[in-house]
Amino acid sequence: MANEQLHVLNALDVAKTQWYHFTAILIAGMGFFTDAYDLFSISLVTKLLGRIYYHVDGSPTPGTLPPNVSAAVNGVAFIGTLSGQLFFGWLGDKMGRKKVYGLTLMLMVVCSLASGLSFGHTSKSVMATLCFFRFWLGFGIGGDYPLSATIMSEYANKKTRGAFIAAVFAMQGFGILAGGMVTIIVSLAFKNRFPAPSYSVDPSASTVPQADYVWRIILMFGAVPALLTYYWRLNMPETARYTALVAKNTKQAAADMSKVLKTEITADDQLSENSNTNSKFGLFSKEFVRRHGLHLVGTAITWFFLDIAYYSQNLFQKDIFSAIGWIPKPKTMSALEEVFKIARAQSLIALCGTVPGYWVTVALIDVLGRLKIQLLGFFMMTVFMLGLAIPYNHWTTPGNHIGFIVLYGLTFFFANFGPNSTTFITPAEIFPARLRSTCHGISAASGKLGAIIGSFGFLYLAQNKDPAKADHGYPAGIGVRNSLFLLAGCNLMGLFFTFLVPETKGKSLEEISKEDEHENKTQETTTA
């Protein structure tokens, strides 16, 4: 049976690059565009939220979110994402990829809009409502990770599969950049329409009442790209690999592939009637542990360490830029001017470091392979973070900021031309079809656990060692310099655990997961 099934699936493995590949990339990729926009746009408006809802009359500095509120606003979406990755990953293997794919997108659309409509009579109630909707926004985003990766891997041919999955993930870079650009446009428009003095000149007038619309518009815009692809996502056929290998319906798989590939593919009737239940080892079975246990440990742990470093850097760029003096002190700016300058700085990093890294991965992943790119990325991230941390006092002196920004941008480049892309790709390739979405969800959830540690922990760790110089409401930390040393250590650990993950370049999914090998042995035993 297995050989005949593989003949059906072989049409996908050897298919030339066609229009449907690019359609699938766009449909799945716009989900990731939305994911990145929604997850990272919050970091652009947290300073504004502090000024609006936590202003203290007579304070020499603008209002800031209290530590617990800031941690919740920045991190609650990641808790939702972790939950969604586990739940929808499992559901994608039980019900099929297509049936739950539209649900995750609609959840993102509704919660993006609801986040911008967060209501309440007090600052605490507004933040609580915002956190509630961002949790469920994260839940929907979480489902997009295993489903998009699995769908793209099962649609792609084996020659360019890595590039196709990487292209879906690369849309995350455009989502981050779009978040910055939308924030620049909205804040600039409101700043010009409603001019305000700096905080040091007039604390109350520095935050105009209309600023409350700015953060809401920015968060709600995340629904737009998701809505644009909703119809096409609902009309995508189920992947042939799920239909043939999990649902055991090769007739339907052949029919679906015939439409997609625009060529006639016939299936043996016998394939739909047989079902090798003996080959269905479960996630918690000894057979799975023997075959894929170390692989799952490798994909989960590397993603965990990567996300500690990656999300710490991404979410708190504004704090790092302020610490080195690239963004002026808050009291010298109005509220909308501060939003504009934070967005401009983050957009520059995204444009010069983040986006190029993703697309270099797309170009080279099927040439160099996943393993080499991941090892190189972790190694270079470690080097550049040490390059930031060791001479940190040099970088913070006036006139040396440009060097810091260059090195900081290079860490983003090698994160994306490295483990941030490969940790997403590999789990969609190395596990059996019936467990592929679940295992990707587990790996991704491990990554989001790292993101939670990074987003909550960095807030406190990066505070100045001198309690008098720490941000209002925060205890003394270990400082940005020592935090960078810790992040370099996380990258080094990720490098070591990469050796548990196999290379998948140029192989079919069944060859990588050894599904056909296992089923062949079962078939031979049955025949004998």
task = Specify the angular offset, from 0 to 90 degrees and rounded to the nearest 10, of the alpha carbon long axis of helix 67-95 from the longest principal axis of the alpha carbons in the chain.
result = 10 degrees
remark   = For the chain, whose charge dipole is built from +1 on Lys and Arg Cβ atoms and -1 on Asp and Glu Cβ atoms, the candidate among A470, Y20, G102 with its Cα farthest towards the positive end is A470
note = Rg (one decimal) and Dmax (whole number) from the Cα set of segment 47-183, in Å, equal 18.4, 64
remark   = Calculated from DSSP helices alone, with each H run of at least 4 adding -39500 (n - 2.57) and the total divided by the residues of the chain, [θ]222 nm to the nearest 500 comes to -23500 deg cm²/dmol
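With a 1.4 Å probe and all protein chains left in place, how much accessible area per residue does the chain have, in Å²?
On the way: 20160 Å² over 528 residues.
That works out to 38 Å² for each residue.
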task = May I ask for the distance between the Cα centers of segment 164-189 and segment 39-71, given as a whole number of Å?
result = 23 Å
remark   = From the cross-link list K191/K465; K94/K259; K248/K448; K331/K448, the entries with a Cα-Cα span beyond 30 Å are K191/K465; K248/K448; K331/K448
request  = Set Lys and Arg Cβ to +1 and Asp and Glu Cβ to -1, take the dipole of the chain about its Cα centre, and tell me which of V214, G180, L484 lies farthest positive.
outcome  = V214
ask   = Once you charge only the Cβ atoms, +1 for Lys and Arg and -1 for Asp and Glu, what is the size of the charge dipole of the chain about its Cα centre, to the nearest 20 debye?
value = 720 debye
remark   = Counting Lys and Arg as +1 and Asp and Glu as -1 over every other residue whose Cβ sits under 13 Å from the Cβ of G441, the net charge comes to +2
request  = Choose one of S443, F288, N420: the residue whose Cα lies farthest towards the positive end of the charge dipole of the chain (beta-carbon charges +1 Lys, Arg; -1 Asp, Glu; about the Cα centre).
outcome  = N420
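In the chain, which longest range has no chymotrypsin sites (Phe, Trp or Tyr not before Pro) that are both DSSP loop (not H, G, I, E or B) and surrounded by at most 15 other Cβ atoms within 10 Å?
By the stated rule (loop sites, at most 15 other Cβ atoms within 10 Å), 285-528.
Please give the net charge around D366, taking every other residue with its beta carbon less than 14 angstrom from that of D366, where Lys and Arg add +1 and Asp and Glu add -1.
Values: positive: K158, K159, R161, R370, K372, K505, K507; negative: D13, E429, E503.
With Lys, Arg at +1 and Asp, Glu at -1, the neighbours total +4.
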ask   = Cα-Cα over 19 Å: which of K286/K372; K158/K251; K16/K505?
value = K286/K372; K158/K251
request  = Compute the distribution of all C-alpha to C-alpha distances in segment 1-92, in bins of 10 Å from 0, and list the percent of pairs in each, rounded to whole numbers.
outcome  = 13, 24, 23, 18, 11, 8, 4, 1
inquiry  = Just to confirm the number: angle between the C-alpha axis of helix 2-13 and the first principal axis of the chain, 0 to 90 degrees, nearest 10?
reply    = 50 degrees
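Over segment 1-145, what is the relative contact order in whole percent, taking alpha-carbon pairs under 8 Å and six or more residues apart?
On the way: 143 pairs, mean separation 40.0, N = 145.
Reported as a whole number, the value is 28 percent.
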query = Ranked from the most accessible area to the least, with a 1.4 Å probe and all protein chains present, what is the order of T397, T239?
reply = T397, T239
message = If I compute solvent accessible area with a 1.4 Å probe over the protein chains, what percent of it on the chain is carbon and sulfur?
response = 67 percent
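The values are calculated or read from the model by the stated rules, or taken from the named source; none is laboratory data. Since the model is a prediction, treat every value here as computed from it, not as a measurement. Note that we place each Cβ from the backbone using ideal geometry, even for glycine, and neighbour counts take in every protein chain shown. In case anyone asks, the SASA skips ligands and DNA or RNA and just uses the protein heavy atoms, side chains included. Shrake-Rupley method; radii C 1.70, N 1.55, O 1.52, S 1.80 Å.
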